[in-house]
Amino acid sequence: MSRGDMAKPLLGHRGTEGDPSVTPASGRTIGVLGSGDFARSLAIRLVCSGFKVVVGSRNPKRKASLFPSAAEVTFQAEAVKKTDVIFVAVFREHYSTLCDLADVLAGKILVDVSNNTEINHHKESNAEYLASLFPACTVVKGFNVVSAWTLQSGARDGNKQVLICSNNQEAKRTVAEIAQVMGFTPVDMGCLSSACEIENIPLRLLPAWKIPIFLALGLFLCFFTYNLIRQVIHPFIREQKNKLYKIPIEVVNTTLPCVSYVMLSLVYLPGVLAACSQLYYGTKYRRFPDWLDQWLLHRKQIGLLSFFCAALHAVYSLCLPMRRSHRYLLIETAVKQAVEKKMNIWVEEEVWRMEIYISVGIIALGLLSLLAITSLPSIANSLNWREFSFVQSTLGFIALVISTLHTLTYGWSRAFDENQYKFYLPPTYTLTLLVPCTVIIAKVIFSLPCIQHRLLRIRRGWEKGRYVKFVLPSATGEYSSGETSSNV
């Protein structure tokens, strides 16, 4: 990128006149120590937000072309003298090179933006280490969870949060105001001891997805093995037929809808268990077990994985007629019909079954797509709570019911055909019906007026066995107080 391009704002300047919580940026000078990629992106973002930026580098002449022309690139000592807020954009191992500037840095705010290469790589956080080297400075941890790309492109639909911690409230407020002017949302994480946890956040790989992914893989392996036994191993042992060619497409395509269907039911099963717990104990204030709490927190990820498996199942199903094996089977069936002189092989029941099966499946996939889209933060933020609850709860339950119809029309009367029980194992779809049907039956029971009313009272604060005070008029016209149980 040329120096002229660097001078052009990547994001239009955001006015702050109407926001009383944001301090105007004009007139404030911000220092940046470092000349790496993050320092360059940070300088660009600060300039586009209306700040005056002074960059401190050990080689200012060589590094000046990397920064926008609006930013002043000078030696570190000169940069430190011109501002009271300084972003330290250097690696931890290079903090010691700044010790010569200790006297000049005294009394200034140092914003540590560094990260480690491993979780808990050091005993103390980088911010705490920087504070120990410069005890006369106020160190604030922040901006480490924001990537250089986000700084350049702007906080639009991605994560806009900037986690900030420090032992000085005034310094945190100053950095928070800078973050707001830059278009980010500052989040106060407390004192500087929280810096270790903040520095570990960018190093975690999908922490909320670990359990759902292992759950999906476990279900996939179980159903894949089950289908492999029924579709490949059984014909090989009983009929000496080699059907290994079914593994890449047909067996996988039989497994994916099983995983998707069960995962979708697992999204709504914890809600059923939570409702049962509240009805049993008669209160909403009793804590759920940890495993149920974790289950409730992972419902979004489980639902998205369910949609992913359903989408793959749709693509695999469209590819089934393209297989060479499928063409061979069609030709073989046509030859057999010609030899047997069968002119009409139309089976009305099978035609209707497949029409209903495919139609219901398309509707179920459409509803799952709607659930997945509204799970995205940018879409969910545009919905109020009632709209979001209607889509995720009501439409989600309808998607589960339609998926159940899709499964039942697929199975039709196969559950009563003894030829379908290979190695005495029932058809795969009958196993997938267990959890979803349990959820549907429980939801229907909870919708009964007597149970629904009691559950609604509990969720509004009513508790079983709780005594409340009441006041009754006596025969003389005076009022006397007493107690009664809320069960009455």
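Summed over the residues of the stretch 29-203 and divided among them, the accessible surface reaches 43 Å² per residue at a probe radius of 1.4 Å. Accessible surface for Ser378 stands near 60 Å², nearest 10, in the context of the full protein assembly shown (1.4 Å probe).
Taking a straight Cα-Cα cut-off under 30 Å and skipping sequence neighbours fewer than 8 places away in the same chain, the lysines within cross-link reach of Lys82 are Lys8, Lys52, Lys61, Lys63, Lys108, Lys141, Lys160, Lys172.
Placing pseudo-labels 7 Å out from each Cα toward the beta carbon at Thr430 and Asn167 gives an inter-label distance of 6.9 nm. Sort out for me the Cα centre separation of the stretch 108-149 from the stretch 47-107, rounded to whole Å. Cα centroid to Cα centroid, the span is 16 Å. Sorting Val347, Val267 by solvent-accessible area of protein heavy atoms yields Val347, Val267, largest first, with a 1.4 Å probe. Here r is the Cβ-Cβ distance between Ser447 and Ala311 and R0 is 25 Å; the resulting FRET efficiency, rounded to 0.05, is 0.25. For Asp417, Asp290, the ranking by accessible surface with the largest value first comes to Asp290, Asp417, using a 1.4 Å probe. Straight-line reach from Lys243: taking Cα to Cα under 24 Å and skipping same-chain neighbours fewer than 8 places apart, the lysines in range are Lys336, Lys422. Please give the FRET efficiency for Asp188 paired with Ala136, using the beta carbon to beta carbon distance and R0 = 22 Å, rounded to the nearest 0.05. The pair Asp188/Ala136 has a calculated efficiency of 0.40. The residues of the stretch 229-355 expose on average 63 square angstrom of accessible surface per residue, using a 1.4 Å probe on protein heavy atoms.
Once both labels are positioned 7 Å from their Cα atoms along Cα-to-Cβ, the gap between His326 and Val104 label points is 7.1 nm. Beta bridges from DSSP with both residues in the chain: antiparallel share about 30 percent, rounded to the nearest 5.
Applying 0.36 nm per residue to the separation of Ala77 and Ile213 and subtracting their alpha-carbon distance, the gain on full extension is 43.9 nm. Placing a label point 7 Å from the Cα of Asp290 along the Cα-to-Cβ direction, the residues of the stretch 209-251 whose backbone N falls under 16 Å of that point are 211. Dividing the alpha-carbon radius of gyration of the stretch 177-314 by the rule-of-thumb value 2.2 N^0.38 Å gives 1.55. Per-residue surface analysis assigns Lys52 an accessible area of about 120 Å², computed on protein heavy atoms at 1.4 Å probe radius. In degrees, nearest 10, range 0 to 90: what is the angle between the Cα axis of helix 449-459 and the longest Cα principal axis of the chain? Tilt of helix 449-459: around 20 degrees. Under the simplified labelling scheme, the Trp385-Gln337 pair shows an inter-label distance of 6.0 nm, with each label point 7 Å from Cα along Cα→Cβ. Ignoring ligands, DNA and RNA, what percent of the accessible area of the stretch 29-203 is carbon or sulfur (1.4 Å)? The C+S portion of the solvent-accessible surface of the stretch 29-203 is 49 percent.
Recomputing Cα Rg over 2.2 N^0.38 Å from the coordinates shown identifies the correct label among (1) 1.01; (2) 1.12; (3) 1.39 as (3). Taking the Cβ of Ile198 as the center, what net charge do the other residues with Cβ under 14 Å away carry, scoring Lys and Arg +1 and Asp and Glu -1? Computed value for this residue: -3.
Relative to the longest principal axis of the Cα atoms of the chain, the long axis of helix 434-446 makes an angle of roughly 80 degrees. Give me the dipole magnitude in Debye, nearest 20, for the stretch 102-150 about the Cα centre, with unit charges on the beta carbon: positive for Lys and Arg, negative for Asp and Glu. Dipole magnitude for the stretch 102-150 comes out near 100 debye.
Could you tell me which chymotrypsin sites (Phe, Trp or Tyr not before Pro) in the stretch 338-409 are loop residues by DSSP with no more than 15 other beta carbons within 10 angstrom of their beta carbon? For chymotrypsin sites (Phe, Trp or Tyr not before Pro) across the stretch 338-409 that sit outside H, G, I, E and B with at most 15 neighbouring Cβ atoms in 10 Å, the list reads Trp346. Heavy-atom accessible area with a 1.4 Å probe sorts Ser147, Ser49, largest first, into Ser147, Ser49.
Only helices enter this figure: runs of n ≥ 4 DSSP H residues, each worth -39500 (n - 2.57), summed and divided by the residues of the chain, yield -15500 deg cm²/dmol at 222 nm to the nearest 500.
The spacing between the stretch 386-464 and the stretch 184-241, judged by their C-alpha centroids, is 24 Å.
A Cα-only calculation for the stretch 293-400 places Rg and Dmax at 20.8, 65 Å.
Roughly what angle does helix 252-281 make with the longest principal axis of the chain, taking Cα atoms, 0 to 90 degrees, to the nearest 10? Helix 252-281 sits roughly 80 degrees off the main axis of the chain. Longest stretch of the chain clear of exposed loop sites (GluC sites (Glu not before Pro), DSSP loop, at most 11 other Cβ atoms within 10 Å, sites excluded): 119-477. Remark: relative contact order (the chain) = 10 percent; criterion is Cα-Cα distance under 8 angstrom and separation of 6 or more residues. For Thr117 and Val252, the difference between the fully extended length at 0.36 nm per residue and the C-alpha to C-alpha distance is 44.8 nm. Once Rg and the Kirkwood radius are both taken over the C-alpha atoms of the stretch 267-329, their ratio Rg/Rh works out to 1.36.
The values are calculated or read from the model by the stated rules, or taken from the named source; none is laboratory data. The shown structure was predicted, so the numbers you read here are calculated from the model rather than taken from an experiment. So basically every Cβ, Gly included, is an ideal-geometry build from the backbone, and we count neighbours across all protein chains shown. Side chains are part of the model used for accessible areas, which takes the heavy atoms of the whole protein and leaves out ligands, DNA and RNA. Shrake-Rupley method; radii C 1.70, N 1.55, O 1.52, S 1.80 Å.
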